[in-house]
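To keep things clear, I will list the structure first and then write my remarks on it.
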Amino acid sequence: MPASISAPERVLLLWCPDWPVEAAIRTQGLKPDALIAIIETGRVFACSASARAEGVIRGLKLREAQARCPTLLVAPHHPDEEARAFEPVLTAIEELMPGVQSLRPGVCAIRARGPASYYGSEEEAALWLLDQLDELGVPGTRIGIADGVFTAEQAARQRFPQRIRVVPAGTAAEYLAPLPVGVLDDSSAGEASVVTLLRRLGVYTLGDFAALDAGDVRDRLGEQGARLHALSGGLDSRPVVARVPPDDLECAIAFEPAVDRIDQVAFGVRALADRFIAGLTAAKLVCTAVRVELDSESDELSSRTWLHPRSFTTAEVVDRVRWQLQGGASEVGLSSGIIAVRLIPASVDSIGNHEEGLFGGGPDERIHHALSRVQGMLGRTAVLTGAIGGGRGPADRATLVPWGDRLVHDREPSPPWPGHLPAPAPSTVFEPPRPVTVFSASGDTLAVDVRGALNGSPASMSSGRSTLRLTAWAGPWTVDEQWWDSARASRTSRFQVVDTTGTAWLLALEHGHWWAEGRYD
Amino acid sequence: MASVPELRERIRQLQTTKLDTRSLPTHPAIARLLPGGALQEGATYSVDRSLTLIMLLLAAPSAAGAWCGVVGVPEFGVEAAAGFGIDLGRLVLVPDPGDQWLATTGAIADALRVIVIRPPKRASDASVARLSARLRKRGATLLVLGNGSHNTWPQSEAMLSITESSWTGIGDGHGHLRSREATVTVTSRTGGRPRSARILLPENYGDTGVGSLQAAHW
């Protein structure tokens, strides 16, 4: 027999309604009573209770939702952030009862047997849990206790005034019977098609569905249908798999009294960084991004995430702390003393993926050492490596990142960038562009009208000090960028010109001012 | 007639006063103009103004796996460099070293094979000699980007410049810059007549990387 027939175990399921909204309130600092909708691919994914009262429901188009509720605050759906915000809730539950399984952000399950015998009864355990969560400030949490995860979730989700709903053992099928088949349609597209088919067949409640013969259902609807059939009969055999609490990899050091020199902090942090890296190595992990948090005496928190193209070593972590301190201060003195430094691994990877090959990968150690030394002399952002990014202007297309950081493009290179200049690219790129003046043969300053027509042909250009005669020219190529944003909108006409020495120039005309953007020298 | 340049080359080789120096991969058309027939490790070359010429010189070593550094040239066009076939993964830029340009150059000379610098001011002979010694020891090649004649680097092996160039593809208000025919002139330290070659660059831009060439002596 398939495993689905084995008897389901008692499950305590905890549901925080509208968790995506709650997570947005917590991470983005929105007001708890605001009208909030979380949007995924243009449709409402979740909304706050106040927004629901205005008629916003899940699945509604964004525009329709905004029409129903004009003051709606819209936030994008970030599953990662929601999961991260749920972490303190899981930790709080683990303080009371071990073995929590997080099903998705906002929903978690616990095997009910242990807590029930420890606290006296299932209700008692659930009451303790609600107390703990109310203390944490998680509003409106609901708990369902039943046979199997599915039944428990349905019990938690039913709109009863009381926040705890217990379905006695063995009565899952009776409890589920009056519910509509729509509750089966929760996640995947396959389930949605099964539910649609059931409705067409005239099966409207879980009771109707469960009454069908299991063999017939399997023949007609396949493995997925059989699983849904077992669920609607209260035979959810999905076990609760307790999560392994993550190891505490972050390290912190407190300075008493406060330290106000960068080199002192760096010295004090060295042992901490050693411990941090050793802790990661012991867990067979390497750190590819580290968040450094610095608390100062004047209650300022400086937090920054540093990415690494490969993985951090102790010395590199110390360097990052030093650079973060230098960012906010003059040469050695800090604006106020540092009282605590915390190192938090922002992303980790298995050490196996980062072991150096027998013949070395990545850049040579010697090169890294020399460039790090130059960074020590001039500052982190003085040593750069480049890549070609997206964009239209020559300066936009160059992405430069400090040595040792991971390459992150401001503009993605992959979309087509219509209007960017054809090869060859200018070998000299002036950043910022240099002001020039361009004259026509009659000595007038050249300008472009709204239709992109030129009032003459370029004959000479002047940089203020010297004047060059032009022998050839091409353009204008007009680019109207970010017209939707009045603060950043720019309308630029680009020209290529060649002077008498054979040097070519890339010129741009913006708001009546001429600029030399590049030189083909 | 065809053997005259070969004989000259042979004579030059026989006349070499130094111990054998190793050479870097060099753009073939420019290699012929240079003393020794290629860029030499540990040597210094001056390039007059043109970043295109610098990129042309960097392309071959970079393609062969050498790390290159550019110090004090904030307007170095990264996209153009990639077009010449310079591997951006092995290109390091220090756009603004400030007063510490000599120290920076010395520090990165320990690790990188080819270094481009534009001196913000004239360096003292002693510091240049110190840097040159370090370059020779490490086998790094220095390309000095000068701006005009007044700022020549002492002790440079040769002086390269683009003396003439003409563009195709662009007309009077139509077309766009497509390719360029440039005359590269090399004056070597040991004196003698400046040698020139015409280079078509960049042909097959972006495909093969290195601008190919049709060179002719005259």
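The values are calculated or read from the model by the stated rules, or taken from the named source; none is laboratory data. Here the structure is a predicted model, which means the values were calculated and not measured. Here the Cβ is made from the backbone with ideal geometry for all residues, glycine too, and neighbour counts use every protein chain on show. Only protein heavy atoms, including side chains, enter the accessible area calculation; ligands, DNA and RNA are left aside. Shrake-Rupley method; radii C 1.70, N 1.55, O 1.52, S 1.80 Å.
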Heads up, the strands (runs of 3 or more DSSP E) in segment A:442-511 (entirely inside) with at least 2 residues that are open to solvent by 40 Å² or more (accessible area, probe 1.4 Å) and within 14 Å of chain B (Cβ to nearest Cβ) are A:467-481
**Prompt:** Does at least one position in segment A:348-367 carry a residue that is crowded, with 17+ Cβ neighbours inside 10 Å, at pLDDT below 85 and part of a loop (DSSP other than H, G, I, E, B)?
**Reply:** yes
Log entry, pairs with first residue in segment A:373-400 being more than 10 Å from chain B (Cβ to nearest Cβ), second being among the hydrophobic types (A, V, I, L, M, F, W, C) and not in a helix (DSSP H, G or I), beta carbons closer than 6 Å, six or more apart or on different chains, reads A:GLY390/A:TRP417; A:ARG392/A:TRP417; A:ARG392/A:VAL479
Considering segment A:236-256, residues that are among the hydrophobic types (A, V, I, L, M, F, W, C) and not in a strand (DSSP E or B), and then whichever is nearest to A:VAL321 (Cα to Cα), we arrive at A:LEU249
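A:ALA254: small (Gly, Ala, Ser) and surrounded by 15 or more Cβ atoms within 10 Å (Cβ to Cβ), yes or no? Walk me through how you get there before you give the answer.
Details: small (Gly, Ala, Ser): yes; surrounded by 15 or more Cβ atoms within 10 Å (Cβ to Cβ): no.
Taking the combined requirement at face value, the residue does not satisfy it.
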The correct count of residues that are small (Gly, Ala, Ser) and open to solvent by 50 Å² or more (accessible area, probe 1.4 Å) in segment A:371-400 is 1
Within segment A:401-416, residues more than 21 Å from the chain's Cα centre (by Cα) and either open to solvent by less than 30 Å² (accessible area, probe 1.4 Å) or within 11 Å of another protein chain (Cβ to nearest Cβ) (or both) come out as A:PRO402, A:TRP403, A:GLY404
Restricting attention to segment B:8-24, does a residue exist that is surrounded by fewer than 14 Cβ atoms within 10 Å (Cβ to Cβ) and either modelled with pLDDT of 80 or more or in contact with a Phe, Trp or Tyr (Cβ under 8 Å, 6 or more places away or on another chain) (or both)?
yes
Checked segment A:156-172 for anything crowded, with 17+ Cβ neighbours inside 10 Å and over 19 Å from A:GLY106 (Cα atoms); matches are A:VAL166, A:VAL167, A:ALA172
Reported set for segment A:459-477 where residues are in contact (Cβ under 8 Å) with a residue 40 or more places away in the chain and not hydrophobic (A, V, I, L, M, F, W, C) is A:SER463
Reported set for segment A:297-326 where residues are in contact with a Lys or Arg (Cβ under 7 Å, 6 or more places away or on another chain) and in a loop (DSSP other than H, G, I, E, B) is A:HIS308, A:PRO309
Of the candidates A:VAL286, A:VAL259, A:VAL269, the one satisfying the condition of being in contact with a strand residue (DSSP E or B) (Cβ under 6 Å, 6 or more places away or on another chain), part of a helix (DSSP H, G or I) and open to solvent by less than 40 Å² (accessible area, probe 1.4 Å) is A:VAL269
May I ask you to verify whether A:ALA85 is within 24 Å of the chain's Cα centre (by Cα), crowded, with 18+ Cβ neighbours inside 10 Å and outside any strand (DSSP E or B)? yes
Of the candidates A:GLY207, A:GLY215, A:GLY234, the one satisfying the condition of being in contact with a strand residue (DSSP E or B) (Cβ under 9 Å, 6 or more places away or on another chain), under 25 Å from A:VAL149 (Cα atoms) and open to solvent by less than 80 Å² (accessible area, probe 1.4 Å) is A:GLY234
